[in-house]
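Here the structure is laid out as structure tokens; the discussion comes afterwards.
The values are calculated or read from the model by the stated rules, or taken from the named source; none is laboratory data. The structure displayed is predicted, hence computed values, not measured ones. Here the Cβ positions follow ideal geometry from the backbone for every residue, glycine too, while neighbour counts run over all protein chains shown. All accessible areas refer to the heavy atoms of the entire protein, side chains included, with ligands and DNA or RNA removed. Shrake-Rupley method; radii C 1.70, N 1.55, O 1.52, S 1.80 Å.
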Amino acid sequence: EPDVTIVSGLKDTVVAEGDDVTFRCQVSHENARDVEWKLQDVALQNNEMNEISVEKGRIHTLTLRKVTEQDIGTVMFRVGPHTSTA
């Protein structure tokens with residue numbers, strides 16, 4: 001299996017409380033396994049507050065819905081040994 005790397009990393013974002021915010025990270029290969037999103041070192045799951053998806057097979061997206069002050073912190077995307085933070 002080829003080593004999947006991060007082609008385009010996360011970008012720092014400022015958003016108003018109550019708004020949604022989306023983070024995108026592009027990887028080198030489609031169908032990447034061993035992918036993880038974290039907020040403040042807590043692993044995120046796909047649910048009504050966090051939408052995790054993959055566009056065009058290589059663009060991994062995380063949308064945080066109706067963010068609050070408690071959501072301030074570092075977002076991290078990991079694929080295998082490679083990480084990107086914002």
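Quick notes
- Residues of region 69-80 classified as more than 13 Å from Q26 (Cα to Cα), open to solvent by 50 Å² or more (accessible area, probe 1.4 Å) and modelled with pLDDT of 95 or more, total: 1
- So E51, is it charged (D, E, K, R), exposed (fewer than 11 other Cβ atoms within 10 Å of the Cβ) and closer than 17 Å to T13 by Cβ: no
- Selection status of L10, touching a helix residue (DSSP H, G or I) at 6+ places or on another chain (Cβ under 9 Å), closer than 12 Å to A86 by Cβ and modelled with pLDDT of 95 or more: no
- Residues of region 30-48 that turn out to be exposed (fewer than 15 other Cβ atoms within 10 Å of the Cβ) and assigned to a loop (DSSP other than H, G, I, E, B), as a count: 10
- Count of region 54-67 residues, restricted to those that are over 24 Å from V14 (Cβ atoms) and either at pLDDT 95 or above or open to solvent by less than 80 Å² (accessible area, probe 1.4 Å) (or both), is 3.
- Selection status of N31, without any contact (Cβ under 8 Å) to a residue 24 or more places away in the chain and either of a type in the set (A, V, I, L, M, F, W, C) or out of contact with any Cys (no Cβ under 8 Å at 6 or more places or on another chain) (or both): no
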